[in-house]
Structure formats: C-alpha cells, structure tokens
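Asks: My questions all concern the structure below.
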Amino acid sequence: MADAVTLVVEHRVKPGRQPEYEAWVRDISAEARRARGYEGVHIVRPQPTHTSYTILVRFSSHESLVDWINSDTRRQLIERVLPFLLESEGLEIQTGLEYWFTPSDRRSPHARGYKQFLITLSAIYPLTLAVPWILQPFIQMFGLEAFPAIQGLVVTAVIVFLMVYAIMPRYTRLVADWLFD
C-alpha cells in the first residue's frame, strides 16, 4: 500500500451532456478495472447546480498508473469524451491520504498541518476503539489472539481501508469550510 497512487481526474461537463458523460464513465471504469495494478475507482458527482466531476482511480504502483495513462485504450476513451467537456481534463497524481487534504479549488492553500492533524485524529481515534471491538469475535473465531502482530495488522488494515475509502472522503467535505479557512 505504500506505493499505491491515486489519479485524480477533474472534468467539467457541458450542460445537458451529463447522461452521455455518465455512460462514458461506466465504459472507462470497466476498462480501468482490466488495467494492471488497478485497485478501485471513486466518482464524486457534482451538486445539482455544478458540472464538475472528480474521478479517483487508485493503482498499486506509479508504474501501473503511468501504463494506464499512456494506454491506447484510455487515449481512445478520452478522445470520445472531449465533445462532452467544457475544457480539457485536469489530471493530478496523489499518494496516500493527501487527496483528502487538497481543496478542489486549486487557488486555495492546502489545509494547515494542525487542522489535518485534528481531522485525522478525530477520525482515527474512534476507529481504534470500535474496530478492535467489532473484529474481536472474528479474531477469536480464527484463533488470531495468539498472534498479536497478525491481529494488529488486520485491525490496522481495516482502519486504513475505512479512512481512505469511507470516512475521509465524506468527513473532509463535511468540515471543508473550517478545514480550508
């Protein structure tokens, strides 16, 4: 997971072209799933009065991501979507949790360090209490209590998964006004 990277794609879709764009998103998502090192995709759809989509495509390594970006398949799909867009796509490569602390408005500064600390702490602390408690029956069922290192790895993996895919995307949007103030 240390080498994992996320491709952040920003598209501003022409008004009235959203249905065609959504069909294109389904197609490119299906193709990306076939790419070497693909780990998942998350689509942030616009609010009703906006047209900006953000697509997060996660790969196991920078090399896998570059292969996908430079693939003929992706190039053909990008050519197909251009008529639906107001401007050319914005691409950014990010690692780890940094995406969640980068505002979508590129002119805005990054969140201050102490705010990142407080948000991360307030998200992780409850997970460190709840996840081991929730996983305890499974740990006992599989006899992992005799292996504290493996038990710790399982708990940590669940916490990191929840942070990256479930909690931070929603939490940072919820506190965005304070976080990027």
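Asks: Tell me, please, whether a residue that is touching a Leu at 6+ places or on another chain (Cβ under 6 Å) and among the aromatic types (F, W, Y) can be found in segment 22-33.
Replies: The answer is no, given that none of the residues of segment 22-33 is touching a Leu at 6+ places or on another chain (Cβ under 6 Å) and among the aromatic types (F, W, Y).
Asks: Between V25, V41, V81, which is among the hydrophobic types (A, V, I, L, M, F, W, C), within 23 Å of R12 (Cβ to Cβ) and not in a helix (DSSP H, G or I)?
Replies: Going through V25, V41, V81 in turn, just one is among the hydrophobic types (A, V, I, L, M, F, W, C), within 23 Å of R12 (Cβ to Cβ) and not in a helix (DSSP H, G or I): V41.
Asks: Of all residues in segment 1-54, which are aliphatic (A, V, I, L, M), surrounded by fewer than 16 Cβ atoms within 10 Å (Cβ to Cβ) and either modelled with pLDDT of 85 or more or under 19 Å from V81 (Cα atoms) (or both)? Spell out the reasoning first.
Replies: So in segment 1-54, the residues aliphatic (A, V, I, L, M) come out as 1-2, 4-5, 7-9, 13, 23, 25, 28, 30, 32, 35, 41, 43-44.
Then drop every residue that is not surrounded by fewer than 16 Cβ atoms within 10 Å (Cβ to Cβ), which leaves 1-2, 23, 30, 43-44.
The answer is A23, A30, I43, V44.
Asks: Can you give me the number of residues within segment 144-168 that are buried (at least 17 other Cβ atoms within 10 Å of the Cβ) and in contact (Cβ under 8 Å) with a residue 40 or more places away in the chain?
Replies: 4
Asks: Could you grab me the full set of residues in segment 148-180 that are aromatic (F, W, Y), at pLDDT 80 or above and within 15 Å of I119 (Cα to Cα)?
Replies: Passing the criteria: Y171, W178.
Asks: Which of the residues belonging to segment 55-73 are crowded, with 17+ Cβ neighbours inside 10 Å and without any contact (Cβ under 8 Å) to a residue 60 or more places away in the chain?
Replies: I55, L56, V57, R58, F59, S64
Asks: Checking S108 against (1) at pLDDT below 90; (2) part of a helix (DSSP H, G or I); (3) not assigned by TED's automatic domain parsing to the domain that holds P169, which test does it fail?
Replies: (2)
Asks: So for segment 52-64 (the condition being of a type in the set (V, I, T), over 12 Å from T6 (Cβ atoms) and not assigned by TED's automatic domain parsing to the domain that holds P169), does at least one residue qualify?
Replies: Within segment 52-64, not a single residue is of a type in the set (V, I, T), over 12 Å from T6 (Cβ atoms) and not assigned by TED's automatic domain parsing to the domain that holds P169.
Asks: To continue, here is another question. What do you reckon, is E10 in contact (Cβ under 8 Å) with a residue 12 or more places away in the chain and out of contact with any helix residue (DSSP H, G or I) (no Cβ under 8 Å at 6 or more places or on another chain)?
Replies: Yes.
Asks: Step by step: first the residues of segment 110-135, then only those that are among the polar types (S, T, N, Q) and within 13 Å of V160 (Cα to Cα), then the one that is surrounded by the most Cβ atoms within 10 Å (Cβ to Cβ). Which residue is that?
Replies: Top of the filtered list is T120.
The values are calculated or read from the model by the stated rules, or taken from the named source; none is laboratory data. Keep in mind that what you see is a predicted model, and the values were worked out from it rather than measured. Quick reminder, even Gly has a Cβ in these numbers, built from the backbone with ideal geometry, and neighbours come from all protein chains shown.
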